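The values are calculated or read from the model by the stated rules, or taken from the named source; none is laboratory data. All values reported here derive from a predicted model rather than from experimental measurement. All Cβ positions, even for glycine, are placed from backbone atoms using ideal geometry, and neighbour counts span all protein chains on display.
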Amino acid sequence: MDEVVITEYDPNWVLLFEQESVRIQAVLDRDLITRIEHFGSTAIPGLAAKPIIDLLIGVRSLAEAKQVAVSPLEQLGYAYWSENPDPQRMFFVKGLPPNSPRTHHIHMVELDSVLWERLIFRDYLCKHPDEAARYAQLKYNLAQRFLSDREAYTMGKAEYVESIMQKARQQRVNTALERIDEGFV
């Protein structure tokens with residue numbers, strides 16, 4: 001069973017991301033990868049999370065990645081979700097219950113993917129610990145309610161995530177307008 005378990009923040013998550021990023025870059029063609037980011041809850045200092053490191057990997061071409069990335073990542077212990085209904089993303093999981101707990105997710109996308117916008121969610125919560133605390137409480141509540149239903153857990157966060165995304169977008173607009181007013185642009 002793949003239960004939803006939320007744990008207190010672990011400062012080692014940053015190191016785990018960095019180590020995995022190095023491993024991935026060592027097995028994939030340098031020209032394929034354009035960017036690697038740590039995102040999701042483990043990327044937000046102090047935030048309780050499912051202890052799964054999410055890596056957002058930009059590639060120059062998903063079609064090329066499907067040809068050359070799957071086998072090397074499988075050798076690192078990842079399982080590729082070939083039946084992913086989202087054609088704009090490749091998804092890999094390291095560790096699968098009941099054999100072992102999930103430890104890492106790879107979300108592989110091209111640079112024009114809307115998934116990159118999720119970085120503003122990460123950045124907003126990093127700058128607003130009060131919102132991060134509210135998010136943590138929501139996650140704990142949803143994990144208790146949907147212990148064995150990962151999809152329901154994720155759907156339960158959707159409204160809150162979207163509200164933060166709207167705040168983050170507005171903050172970016174306000175910051176840009178302030179810079180214009182100050183003559184920096």
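What's the number of the condition Thr42 fails, among (1) more than 25 Å from Pro11 (Cβ to Cβ); (2) free of Cβ contacts under 8 Å to residues at least 60 places away in the same chain; (3) in contact with an Asp or Glu (Cβ under 7 Å, 6 or more places away or on another chain)?
Looking at each condition in turn, Thr42 falls short on (1).
Can you run down the residue pairs with Cβ atoms below 6 Å, 6 or more apart or on separate chains, where the first is in region 4-22 and in a helix (DSSP H, G or I) and the partner is not aliphatic (A, V, I, L, M)?
Close Cβ pairs (under 6 Å, with a partner that is not aliphatic (A, V, I, L, M)) amount to Trp13/Thr42; Phe17/His38; Glu20/His104.
How many of the residues making up region 127-148 are more than 14 Å from Leu47 (Cα to Cα) and among the aliphatic types (A, V, I, L, M)? Step through it out loud before you land on a result.
Step one: list which residues in region 127-148 are more than 14 Å from Leu47 (Cα to Cα), which gives 141-148.
Narrowing the set further to residues that are among the aliphatic types (A, V, I, L, M) leaves 142-143, 147.
The qualifying residues number 3.
Please count how many residues of region 77-108 are in a loop (DSSP other than H, G, I, E, B) and of a type in the set (Val, Ile, Thr).
Looking only at that region, the number is 1.
Would you please list the contacts, defined by Cβ atoms under 7 Å and residues six or more apart or on different chains, that run from a residue in region 55-66 that is more than 8 Å from Val109 (Cα to Cα) and without any contact (Cβ under 8 Å) to a residue 40 or more places away in the chain to a residue that is part of a strand (DSSP E or B) and of a type outside the set (Val, Ile, Thr)?
Pairs found: Lys66/Met90.
So, of the residues in region 92-151 that are within 30 Å of Ser61 (Cα to Cα) and polar (S, T, N, Q), which turns out to be surrounded by the most Cβ atoms within 10 Å (Cβ to Cβ)?
Among them, the one singled out is Ser113.
Return the total of residues in region 126-185 being of a type in the set (A, V, I, L, M), outside any helix (DSSP H, G or I) and in contact (Cβ under 8 Å) with a residue 24 or more places away in the chain. Steps first, answer last, please.
Applying the first criterion (of a type in the set (A, V, I, L, M)) to region 126-185 yields 132-133, 136, 138, 142-143, 147, 152, 155, 158, 161, 164-165, 168, 173, 176-177, 180, 185.
Filter once more, keeping what is outside any helix (DSSP H, G or I): 147, 185.
Those left that are additionally in contact (Cβ under 8 Å) with a residue 24 or more places away in the chain: 147.
Residues flagged as of a type in the set (A, V, I, L, M), outside any helix (DSSP H, G or I) and in contact (Cβ under 8 Å) with a residue 24 or more places away in the chain within region 126-185 amount to 1.
Yes/no per residue for (1) under 19 Å from Thr42 (Cα atoms); (2) at pLDDT 95 or above:
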| position | (1), (2) |
| --- | --- |
| Ile106 | yes, yes |
| Glu110 | no, yes |
| Phe121 | yes, yes |
| Leu125 | yes, yes |
| Arg150 | yes, no |
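Anything in region 49-64 that is surrounded by 21 or more Cβ atoms within 10 Å (Cβ to Cβ) and either at pLDDT below 95 or of a type in the set (Gly, Ala, Ser) (or both)? List them, or say none.
Of everything in region 49-64, just one residue is surrounded by 21 or more Cβ atoms within 10 Å (Cβ to Cβ) and either at pLDDT below 95 or of a type in the set (Gly, Ala, Ser) (or both), namely Ala49.
Any residue in region 85-101 that's within 20 Å of Gln75 (Cα to Cα): show its pairings with residues that are loosely packed, with under 12 Cβ neighbours inside 10 Å at Cβ separation under 9 Å, as long as the two are six or more apart or on different chains.
These pairs meet every condition: Met90/Ser82; Lys94/Ser100; Pro97/Met1; Pro98/Met1.
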